[in-house]
Every structure is written in C-alpha cells, then in structure tokens.
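What follows is calculated from the coordinates using simple rules that are stated; it is not laboratory data. If you're wondering where the values come from, they're calculated on a predicted model, not measured in any experiment. All Cβ positions, even for glycine, are placed from backbone atoms using ideal geometry, and neighbour counts span all protein chains on display.
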Amino acid sequence: MFVPNLKGSKLLNPIEIDTIVPYIDWIFFFKAWGLPGRFEGMDNYCGCEACQQAFLLKYRHIGIDKAREALSLYQDAQTLLREVRSRHLLRIQAKIRFCPAHSVNEGILVQPGGTEDSVYLPMLRQQHPGERSGCCVSLCDFVSPEADYVGFFAISVQGAEALSEDYRQHNDPYNAILIKSVSDRLAEAAAEWLHQQVRTTYWGYAPDEHFSPKELMNIPYKGIRPAIGYPSMPDQSLIFLADRLLHVSEVGIHITENGAMQPNSSIFGLYIAHPASFYFMVGKVGEDQLADYARRSGKSRAELDKWMTHNT
C-alpha cells in the first residue's frame with residue numbers, strides 16, 4: 001500500500017498550456033482526422049520548402065496527398081495553438097483526490113472518512129481470459145482487499161465550444177473542428193502530465209521517476225488512470241458515484257443526465273497505484289455476470305443496456 005503525500009483534494013486552476021503542449025500525442029490527433037501513420041518527428045519540420053519536401057519524401061508510402069494533408073494539418077494546429085496561448089483563449093483545470101479504499105464483492109469500496117459516506121464502485125471482469133494476463137481481469141484485482149488507496153481525477157479544457165461556435169459564425173467550419181481536435185488533445189495531454197505529477201509528488205509512489213513526455217507515450221511507468229466509460233470501466237453511470245467524492249463542478253464540468261460531460265474536452269477517472277496494474281478491455285459481458293452486476297449496482301437489465309451499449 002502506498003499512502004499518498006497529498007491529504008484531501010487539490011485544485012489545479014489553471015494549468016499552463018505551455019506546460020501541457022509537450023505532452024500532446026499527435027498520433028491520435030491525426031487519427032481523429034482519418035490520417036494514417038505515426039508521423040514521428042513532425043515537430044522537427046518547419047514550414048520551409050526543404051522541410052516540406054523532406055517530409056513528403058519520408059511519408060510518400062501513404063501517398064503524397066495524404067502526407068501533404070498531414071503536414072498542413074499539423075502546421076495549422078500549431079498556428080492555432082500559438083493564438084490560443086498568446087490570447088489565453090483556453091483554460092485547463094483539474095482536480096485530484098486520494099481516498100482510503102479496498103476491494104470487496106467484485107468492486108472497490110471507497111471510504112473517504114469524516115462525515116462523508118462510503119461509496120461502492122462495482123467493477124466488471126473480462127468474460128474471457130486476456131492475452132496479456134491469461135486471466136479474466138477486473139480493476140478491483142489491483143486494489144487490496146485490506147487497506148489501500150485509490151485516487152480520482154477530473155480534467156477540463158474550457159473555452160473550445162465558444163471558440164468553435166465563433167468560427168462557425170464567421171463561416172470557418174475547418175477551424176471550428178480544428179479547435180475541438182486541439183482541445184481534446186490538450187485534455188489527454190493534461191491527463192498524462194497530471195498522472196506524472198501524481199506518481200512523483202502528490203501520491204509520490206514513484207518519486208525518482210524521470211521520463212520525458214515522449215517516453216511517457218510508451219507507458220513505462222507503474223500505475224494506471226482508467227477513465228470512466230473507457231474499456232476497463234465501461235459503465236458510464238459510475239460517473240455519478242465518483243462525483244460524490246470529487247465534485248467535478250469545481251473544475252467547470254457539468255454531468256448531464258446521460259452521464260456525458262460538458263465541456264466535451266473533459267476526462268474523469270481513477271488512479272490505481274498497484275505496480276502490476278495495466279489497461280485492458282472488458283469486452284462483451286455474459287448474462288451470468290450481467291445478472292450479478294445488476295444486483296451489485298442496483299440496476300435493471302434495461303438500465304445496463306443503456307449505460308453499457310457496447311458490452312451487453
């Protein structure tokens with residue numbers, strides 16, 4: 001068990017965009033635009049003719065038009081980022097909290113203490129053994145059945161929706177979409193940066209970690225940050241239970257009745273410090289586990305179908 005250095009919760013408001021930009025993984029930015037390739041070293045190419053020709057030559061295997069589109073898109077994103085930074089058009093906010101917890105009844109029981117009630121987070125287990133572990137894994141496997149801790153985090157990037165609408169009003173649909181793409185990448189990059197701060201400082205279970213932003217993309221560190229609604233925790237309704245502990249409205253996040261977050265460039269999840277923890281996909285869940293999960297979560301089958309469309 002790793003006892004966190006931080007007691008209570010902490011607001012980070014704002015987080016400087018200059019701090020976050022080096023942590024952006026541009027691969028997923030290009031994927032969002034339907035462009036193949038990793039385009040490693042993209043930041044080494046400037047806008048000069050020689051660099052453009054070198055880039056097009058390096059990535060000619062995906063087609064000159066696609067390579068040219070990728071380079072143009074990246075350069076436009078950099079221009080937009082410079083404007084965002086110089087005019088302070090976006091605001092990145094975050095909140096973290098660590099609580100005593102332990103695993104029980106195929107879930108995680110969080111016991112914040114004081115006057116707050118305990119919160120039980122039911123978890124789902126892989127229906128079939130995963131390739132990595134050879135077992136049917138659940139997130140609760142990485143939390144001790146005795147004394148342990150889990151963390152919670154929320155990150156939001158404020159301002160992208162208003163900027164996007166402003167671009168649309170000025171008949172600029174391209175930049176209206178681009179600002180949302182950049183905002184999504186900033187949210188993910190902030191999650192990567194904040195997780196590093198958690199490991200080295202706020203939780204402090206890896207104080208000697210010294211990975212560069214590029215090295216972090218290969219997940220060389222210990223511990224995970226599964227987000228609610230993502231493959232290892234696909235029940236989106238857990239967001240309401242977790243919000244009892246973190247109160248994400250403090251970082252400008254509004255949770256709709258369907259469990260969606262506004263602004264869209266927001267992330268809400270857990271921190272788990274177990275050194276053997278890893279990311280996985282729950283996948284399709286069988287009727288036997290669904291019946292058990294319905295009992296533990298207090299939901300009907302119809303409700304489960306709503307909250308876990310891709311898993312039931």
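Quick notes on this one:
- Residues listed by number, region 10-25, amide nitrogen under 16 Å from Phe211 label point at 7 Å toward C-beta: 22-25
- Environment charge of Tyr221, counting only residues whose C-beta is closer than 11 Å and scoring Lys/Arg +1, Asp/Glu -1: 0
- Compactness relative to 2.2 N^0.38 Å, alpha carbon Rg of region 25-70: 1.07
- A simple count of charges around Glu16, restricted to other residues whose Cβ falls under 12 Å of its Cβ and scoring Lys, Arg +1 and Asp, Glu -1, yields +1.
- Phi-derived couplings, Karplus 6.51 cos²θ - 1.76 cosθ + 1.60 at θ = phi - 60°, listed residue by residue for region 16-33: 5, 4, 4, 5, 8, 3, x, 8, 5, 9, 6, 4, 6, 5, 5, 4, 4, 9 Hz, with x used for Gly and Pro.
- Cα gyration tensor shape of the chain, rounded if a/c is under 1.5, else prolate or oblate by comparing a/b with b/c: prolate
- Evaluated over region 163-307, the count of Lys pairs having alpha-carbon atoms less than 29 Å apart is 6 (only pairs 8 or more residues apart or interchain).
- Tilt relative to the chain, helix 287-297 - C-alpha long axis, 0 to 90 degrees, to 10: 80
- Point-to-point label distance, His128-Glu250, nm (Cα→Cβ direction, 7 Å offset): 4.3
- Of interest is the spacing of the C-alpha centroids, which for region 72-113 and region 273-312 amounts to 24 Å.
- Efficiency of FRET between Glu116 and Glu287 - r from beta-carbon atoms, R0 41 angstrom, step 0.05: 0.70
- Angle of helix 173-197 to the longest C-alpha principal axis of the chain, folded into 0 to 90 degrees and rounded to 10: 50°.
- Here the Gaussian network model covers the chain, with springs between Cα atoms less than 10 Å apart; of Asp288, Asp243, Asp18, Asp288 fluctuates the most.
- Cβ-placed point charges (K, R +1; D, E -1), dipole of the chain about Cα centre in debye, nearest 20: 200
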